[in-house]
1. Got a sec to turn the phi values of the range 368-377 into Karplus ³J(HN,Hα) couplings, 6.51 cos²θ - 1.76 cosθ + 1.60 with θ = phi - 60°, whole Hz, x for Gly and Pro?
2. According to a simple spin-label model (label point 7 Å from Cα along Cα-to-Cβ), what is the distance in nm between residue 92 and residue 118?
3. Using 0.36 nm per residue, how much length does the chain from residue 295 to residue 277 gain when fully extended, once their Cα-Cα distance is taken away?
4. Determine the relative contact order of the chain: mean sequence separation of Cα pairs under 8 Å and six or more apart, normalised by residue count, in whole percent.
5. Please determine, in degrees from 0 to 90 and to the nearest 10, the orientation of helix 353-364 with respect to the longest principal axis defined by the Cα atoms of the chain, where the helix direction is its Cα long axis.
6. Give, as a single signed number, the net charge of other residues whose beta carbon lies under 11 Å from the beta carbon of residue 343, with Lys and Arg counted +1 and Asp and Glu -1.
7. How many percent of the alpha carbon pairs in the range 412-465 exceed a separation of 18 Å?
8. If you put +1 on each Lys and Arg Cβ and -1 on each Asp and Glu Cβ, how big is the dipole of the range 71-152 around its Cα centre, in Debye rounded to 20?
Amino acid sequence: MDVQSPLKIEDPEAPQALPAAALAAAALALAACSGGKESSPSTTPTPTETPTDAAASRFLQQAQFAASGADIAAVKSQGYAAWLDAQFNIPRGQTGVAWLNSRGHNSITAEQRYFWPQFGDFMIWNQLLTGADQMRKRMALALSEFFVVSLNLIDGFYPPYMIAAYWDLLAANAFGNFRALLEAITLNPAMGFFLNTKGNLKEDTASGRQPDENYAREVMQLFTIGLYELNGDGTQKMDSSGKPIETYTQSDVSNLARVFTGYDYDFSRVKLTNVTWVNYAIPSTEFTLDPMRFNPGDHSNLEVTFLGTTIPANTPGQEALRIALDTLFNHPNAGAFFGRQMIQRLVTSNPSPAYVQRVSSAFNDDGTGVRGNLRAVWKAILTDAEAHAAPASNATLAGKLREPMVRFVQWARTVGVTSSNGGFEIYDLSSSDNGLGQSALRSPSVFNFFRPGYVPPNTVIASSQKQAPEFQLHNETTTAGYINFLEWVIRYGYSDVKPSYAELLPMAHDVPKVIAWLNLRLCADQLSGNSVNAMQTALTALGLTASSSEDFKLYLLAAACLMILSCPEYLVQK
């Protein structure tokens, strides 16, 4: 990173904006990342059980959002596997639904807030930025990009409760079993709304109506087995002509769709409130929280044949659902298809087939004969030698591009943020020109923010035949928008959510110490010597001293964060 001569501010005790030189350097640094510093793991022996500070920080950035000093010390003391076991047993924090209730977002008022979706954004930012159950939430976020439901497309009564209940479902099952999670999302009302199983009716020969096929297609294509048959290591199986073998046909979709008929919202616990401002009663929130109910009269009783399994005609609906989900869960593709994408979300864009095979094997059997144990999957991903392999100096394609929303959460948890009114009023940050270009639970479609096989064209990544999913979000507009967003937020916060920099303030006058502190916690000590020297030169020239005002110290700390958060050595997680 080539930093220009730093611009010293005229009034160091009352700064209003981040240093121009720091901003320019950050912009140049982020733009340089477009060249594609992505995936291609090096190999090293199995990691030791006594990691260094840097190794512990690197592990924590894969396993959760941020690496505090206490977390680094815990990993070093306990070792990777024992630390994971401890996290699995940490009690869940406040749920998203409970937080909405605590803020009164279920109130029935003349402003018709029961239709407002933005409370769903406030909910998820509160969930991601707070709470000790950080690993659970990191895994839930990864799951939300596999089993996608988006707040963008949810309307009607209580969109925030719809998405909060779905988020809570992912968090509750993050350390459970894949099969239980698959059934829970299938019956979830937000998923029912999103992919049309809510109100899905059986065939009607008189009108020509057929069951909606949306969920039947996506539960195979995206949630369980994918488009092509896979080996256990995630590579595609080929037919005698050397072509990929499709996992399912249109007939499989049409047949499976019959299983997902007869489900709708469950209003059994709902209370209706008559109001004066509209001519209809307002329901309470329970229908957004409870699994969808089954109505046998709306369910197809035709025979179902898909993926080599036959569900006989007139099989009771719940039993038909069990057979269908068991078939998908036990498909040979499931472990590799799911495992590879979770590796991509947490560790590297291009895991080796051997890495995928080890994770797939853990999915298939956790060592006690149990299939789908997510704790075993997370442990296999996060304790694998490839996950812990320190990037070689010439491994220019190692790792993965950090997702913008993960960068934001990491920064906030690292420097400390608080909400002045408890509202966490951070809105949808999907804007490309003045936001992150990505916002949690706001995927533009069921296909997530990016495809797992995305390859940025005309790049070294493409010529190396590698994949770089997150680069589908990365372009000239999002590059500038990300820096524009950071420039203000990392200094002044967003609405009621303000950074404290509590641990950094006492050392703000010691620039090398500040950079070292941030380098360890944000980058796992992966900033190059040249980058560190350039940043220290720019920040030292500001002339801050131990007696400078707190405002000036915050100004310098924000500038330091801006440069690091825009640097390729940070943006690419290795």
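1. Once θ is set to phi - 60°, the couplings for the range 368-377 become 10, x, 8, 9, x, 5, 5, 4, 5, 5 Hz.
2. Distance between the two pseudo-spin positions: 2.9 nm.
3. On the way: separation 18, 0.36 × 18 = 6.48 nm, distance 3.30 nm.
Additional length available on full extension: 3.2 nm.
4. Working: 1072 pairs, mean separation 137.0, N = 574.
Answer for the chain is 24 percent.
5. Long axis of 353-364 versus the principal axis of the chain: about 50 degrees.
6. Numbers: positive: 340, 345, 358, 400; negative: 384, 386.
Net charge around residue 343: +2.
7. Working: 849 of 1431 pairs.
Beyond 18 Å sits 59 percent of the P(r) for the range 412-465.
8. Using only the charged Cβ atoms, the result is roughly 100 debye.
Rule-based calculations on the coordinates, nothing more; no lab input. Note that this is a predicted model, so its numbers are computed, not measured. Because the Cβ atoms are built from the backbone with ideal geometry, glycine has one as well, and the counts that use them run over all protein chains shown.
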